[in-house]
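Engineer: Supplied in structure tokens, the structure appears directly below.
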Amino acid sequence: MAAESRRGGDSDTLKRQQDPEGTKRDIIETASREFALNGLAGARIDEIAARTRSSKRMIYYYFGDKEGLYLKALENAYRRVREGEAQLDTKGMPPIEALKRLVEFTFDHHHQHEEFIRMVMIENIHHGAYLERSEVIRDLNVTAIDNIAAIYGRGVEEGVFRTGLDAVELHWQVSALCFFNVSNRATFSKIFGRDFGSEEALDRLRRNAVDMVLRFVIKPEAISLLDPA
């Protein structure tokens, strides 16, 4: 039995050596869950090592220290949401439809990736100190603003969006509506005695988020262009 265990361990070690990038991705994914659950201070490297069948020494070799691993996990969380936005391919859509799809995607992504919300909340506890160190996250978020600015610009040119809005502030509003749905779901459900995580509630909140953003951006005289559904 011991010999079989050693052979299994040797096999795992060989696989990790042959696929270092895959090993790093596995560590980052596991670390993301650990950080989202326990925060930077509460997360334990030995727990992450055990769950990835790696070692603390290997983790330190790849990421330097726990803060280095946390930063990589934070970068990965932002990369995922931005990659999802890029796949929407809103360039060929009419501006109202493009903005609608962007809000829907943001709502769905945040609902499906609660660890992203928790990590952003944790980083806010740290006053954005680790995020500030990352050029990767800054670059990723430039693309997010460029995307929403392009959608907004097309809408203004076509005469369906109000003028004078700021792309970063518009991004803020979309994020706020979708973020709060996850971050405060538990407290709202307890306080008001309603399950805000039910399928019916989520469907209504999703439609409301889209409607609020569109009605804020669209010119009053163009509201009739909204799909009544």
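The values are calculated or read from the model by the stated rules, or taken from the named source; none is laboratory data. Just so we're clear, the structure is a prediction, and the values are computed from it rather than from any experiment. Cβ atoms come from the backbone with ideal geometry, glycine included; neighbour counts cover every protein chain shown. Please note that ligands, DNA and RNA were not included when accessible areas were found on the heavy atoms of the full protein model with its side chains. Shrake-Rupley method; radii C 1.70, N 1.55, O 1.52, S 1.80 Å.
Engineer: Go through (1) of a type outside the set (Ser, Thr, Tyr); (2) surrounded by 14 or more Cβ atoms within 10 Å (Cβ to Cβ); (3) more than 28 Å from residue 73 (Cβ to Cβ) for residue 159 and report which single condition fails.
Structural biologist: (2)
Engineer: Another question, then. What's the number of the only condition in (1) of a type in the set (A, V, I, L, M, F, W, C); (2) within 26 Å of residue 223 (Cα to Cα); (3) open to solvent by less than 40 Å² (accessible area, probe 1.4 Å) that residue 150 fails to meet?
Structural biologist: Only one criterion in (1) of a type in the set (A, V, I, L, M, F, W, C); (2) within 26 Å of residue 223 (Cα to Cα); (3) open to solvent by less than 40 Å² (accessible area, probe 1.4 Å) is unmet by residue 150, namely (3).
Engineer: Go through segment 106-120 and give me each residue that's open to solvent by 20 Å² or more (accessible area, probe 1.4 Å) and in contact with a helix residue (DSSP H, G or I) (Cβ under 6 Å, 6 or more places away or on another chain).
Structural biologist: 114, 115, 118
Engineer: Same structure again: Looking at segment 38-76 only, could you name the residues that are in contact with an Asp or Glu (Cβ under 7 Å, 6 or more places away or on another chain), in a helix (DSSP H, G or I) and under 28 Å from residue 144 (Cβ atoms)?
Structural biologist: Across segment 38-76, the qualifying residue is only 74.
Engineer: Could you grab me the full set of residues in segment 27-61 that are crowded, with 16+ Cβ neighbours inside 10 Å, of a type in the set (Ser, Thr, Tyr) and more than 18 Å from residue 118 (Cα to Cα)?
Structural biologist: 52, 54, listed by residue number.
Engineer: Name the residue, out of 215, 185, 194, that is under 29 Å from residue 141 (Cα atoms), of a type outside the set (Val, Ile, Thr) and open to solvent by 70 Å² or more (accessible area, probe 1.4 Å).
Structural biologist: One residue alone meets the criteria, 215.
Engineer: Testing residue 76 on (1) among the polar types (S, T, N, Q); (2) touching a residue at least 40 places away in the same chain (Cβ under 8 Å); (3) closer than 26 Å to residue 217 by Cβ, one condition comes back false. Which one is that?
Structural biologist: Status for residue 76: all satisfied but (3).
Engineer: Step by step: first the residues of segment 1-26, then only those that are at pLDDT 85 or above and surrounded by 15 or more Cβ atoms within 10 Å (Cβ to Cβ), then the one that is nearest to residue 114 (Cα to Cα). Which residue is that?
Structural biologist: 26
Engineer: Quickly run through segment 170-229 and pick out the residues that are of a type in the set (Lys, Arg) and closer than 30 Å to residue 146 by Cβ.
Structural biologist: Our first condition is that a residue be of a type in the set (Lys, Arg); within segment 170-229, this holds for 185, 190, 194, 204, 206-207, 215, 219.
The answer is 206, 207, 215, 219.
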